[in-house]
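Derivation of every value follows stated rules applied to the coordinates shown; laboratory data play no part. Here the structure is a predicted model, which is why all the values come from computation and not from measurement. Cβ coordinates were reconstructed from backbone atoms using ideal geometry, including for glycine residues, and neighbour counts include every protein chain displayed.
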Amino acid sequence: MTVSDTLIDEPEQAKDTIDTPASDGAVDERIEAESLREALDDVERALARLDDGTYGTCEVCGTELEDPDLAETPQLRTCAQHRS
C-alpha cells in the first residue's frame with residue numbers, strides 16, 4: 001500500500017501520521033537531563049537528611065520508614081500513608 005492509497009483508504013490514519021512531528025533529539029536530551037537533575041536532587045536531599053539525622057523518617061509525620069522501602073528507594077521521604 002502506498003502513501004496515496006492510505007490517504008484515500010484511511011484518511012484519518014494518514015492525517016495522524018502526517019500531523020505527528022518527528023522526534024527532536026534536543027527535546028529528548030532536555031527531558032533526560034531534567035530527569036537526571038531530579039534524581040540528583042533526590043540523592044542530595046537524602047544525604048542532607050543523613051547529615052541532620054532525619055534520614056529514614058517520614059517528612060510529614062516523623063514515623064520511621066520501613067527498611068524494605070528504604071532498601072528499594074533510598075531517597076524515600078514519606079511513609080506509605082503520606083505518599084501520593
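Mind checking which residues of the stretch 62-84 are of a type outside the set (Gly, Ala, Ser) and closer than 17 Å to residue 50 by Cβ? I'd like the intermediate steps shown before the answer.
Initial filter on the stretch 62-84 (of a type outside the set (Gly, Ala, Ser)): 63-70, 72-79, 81-83.
Correct list: 64, 65, 67, 69, 70, 73, 74, 75, 76, 77, 78.
What number of residues in the stretch 38-69 are surrounded by fewer than 10 Cβ atoms within 10 Å (Cβ to Cβ) and farther than 19 Å from residue 84 by Cα?
Qualifying residue count, the stretch 38-69: 4.
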